[in-house]
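Every read-out reported here was derived from the displayed coordinates using simple, explicitly stated rules and does not represent laboratory data. Here the structure is a predicted model, which is why all the values come from computation and not from measurement. Please note: Cβ atoms are built from the backbone with ideal geometry, for glycine as well, and neighbour counts cover all protein chains shown.
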Amino acid sequence: MTTPPDDRLRELAISDTGFVFDPYSGATFTVNPSGLVILEALRRRADRDAILDLLHERFDVHGEDLERDLDEFLHLLRHHGLIAEEGAS
Amino acid sequence: MSERPLTIGVTALNATDNPGPGVAVARALRDHPDFKGRIVGLSYDAMDPGIYARDLCDDLYIIPYPSQGLAALSDRIRQIHEEVALDAIIPNVDAELPSFIRLAEPGGLLEELGIGTFLPSQELLELRSKAQLEALGERTEIATPKTRVLTSVDDLYELGDDELPYPLWIKGVYYGAKLARSVDEARLHYHAMVAQWGLPVIAQASVSGEEIDIVAVGDGEGGMIGAVPMKKTVLTDKGKAWAGITIGDPALLEIARRFFTATRWRGPCEIELLKDKEGVHQLLEVNPRFPAWCYLSAGAGQNLPYAVARLACGLPTPPRRDYTVGTMFVRIAIDQIATLDQLQAITTAGELHYPLSREEPHDEP
């Protein structure tokens, strides 16, 4: 029995300070403010473009660096089984 | 709940760097708000650290090692019972379980004295032995690493094939595991295991992944009284958990349920699993008693030692369903101060009763 990534993302315990606990695996990690925004957006099922817009708006950052950083972060989440392969696209 | 106070015997107070579970079991009993009784520590060695943990046990007795035979254990339990009137005993050492199971048989000493236990049968005890792991896996439909039982050194030369390639684990029948990278290393480990634990020796595929353990209690009828899964977060050099955290993967509770349904296990156990890279939970071992970290069950809201104490006393004990995910334990090594009075009492009389001199001796000489 494997828990679907959507459920795992929804069940994450996320504090305001960016401390994240995955109750399924017992893993803990910390994310910065932009990571926090991305996680919350993913839980609302926002797609990649919507997340990019949100990051532009909240942090006043633009360009290819932002897209690359987002993709790296999404890759990490996929690696840990927190989003499905097509989760944020 | 206003029930009569219970007097519970607890073994395995050897809280060393590879701790026995007795101290955790006694702490869990002591912590439960409904537990108003006495805890009687049953120790094999006068230097067991749990003896000197003030406020843990009310009475402490030295009992004979299992190797001294059933008659010696029976005599000692009868003697202790005359002094403290035990309601139940929770044995916590693998090697003593066959003795306690025999004493708990109908018509046996414990029934005669009215001392309760909540233990599996001898048949079930053998079913979960390391040598039977694959059969247990088939019976419970839980995946297991490829395992072979070795009864001769010649068997080693059949290892290293596609089914069981090197590196692989060479395990003692009761305890110990060494990684072998070649047949030469396997021979070395084989002889060391035979010398320490006897035959058979077990060869097991090396699987990498996350170590997850479940402390659980079966009701003996196929049901589950409670279960708390824990992921090890810090390991000692012996691979024992020094810290861990409760996790909420429903697949783990399903594995525990499957184990109890298939075996009708009665009593506490520790289900050791490894989650491999494909996400499959592989059953490594089932220990037939509480693990040393079982106090975490009390911390997470299930207090399984207290549940077993009640079951052993024949008291109604509904299943525990919930526990707090994300509850951590972190061990600590502390120096306890003991007095000569304590050491003298447990060494010469074989018993110690608190309060003796509960205050720690810290006056200037």
- Item | Filtered residues of segment B:81-138 (kept if touching a helix residue (DSSP H, G or I) at 6+ places or on another chain (Cβ under 7 Å), part of a helix (DSSP H, G or I) and in contact (Cβ under 8 Å) with a residue 40 or more places away in the chain) | B:Ala95, B:Glu96, B:Leu97, B:Leu124, B:Leu125, B:Leu127, B:Leu136
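Looking at segment B:65-92, which of its residues are of a type in the set (Asp, Glu) and within 19 Å of B:Gly314 (Cβ to Cβ)?
B:Asp87
Quick check: is even one residue across segment B:209-225 touching a Pro at 6+ places or on another chain (Cβ under 9 Å) and among the charged types (D, E, K, R)?
Taking segment B:209-225 as the starting set, the residues that turn out to be touching a Pro at 6+ places or on another chain (Cβ under 9 Å) are B:212-220, B:223-225.
If we keep only those that are among the charged types (D, E, K, R) as well, we get B:213, B:219.
Checked against the condition, which is being touching a Pro at 6+ places or on another chain (Cβ under 9 Å) and among the charged types (D, E, K, R), segment B:209-225 yields at least one hit.
Each row is one residue, and each column tells you yes or no for (1) surrounded by fewer than 19 Cβ atoms within 10 Å (Cβ to Cβ); (2) over 18 Å from the mean Cα position of the chain (by Cα).
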| position | (1), (2) |
| --- | --- |
| B:Pro66 | yes, no |
| B:Ala85 | yes, yes |
| B:Leu103 | no, yes |
| B:Gly108 | yes, yes |
| B:Ile115 | no, yes |
| B:Pro120 | no, no |
| B:Lys130 | no, no |
| B:Ala135 | yes, yes |
- Note on the structure: Among residues of segment B:234-264 being at the interface with chain A (Cβ under 9 Å from one of its Cβ atoms) and of a type in the set (Gly, Ala, Ser), the residue farthest from B:Ala143 (Cα to Cα) is B:Gly244
- Message: Checking B:Leu252 against (1) surrounded by fewer than 19 Cβ atoms within 10 Å (Cβ to Cβ); (2) closer than 16 Å to B:Gly326 by Cα; (3) free of Cβ contacts under 8 Å to residues at least 60 places away in the same chain; (4) hydrophobic (A, V, I, L, M, F, W, C), only one condition comes out false. Which one?
- Response: (1)
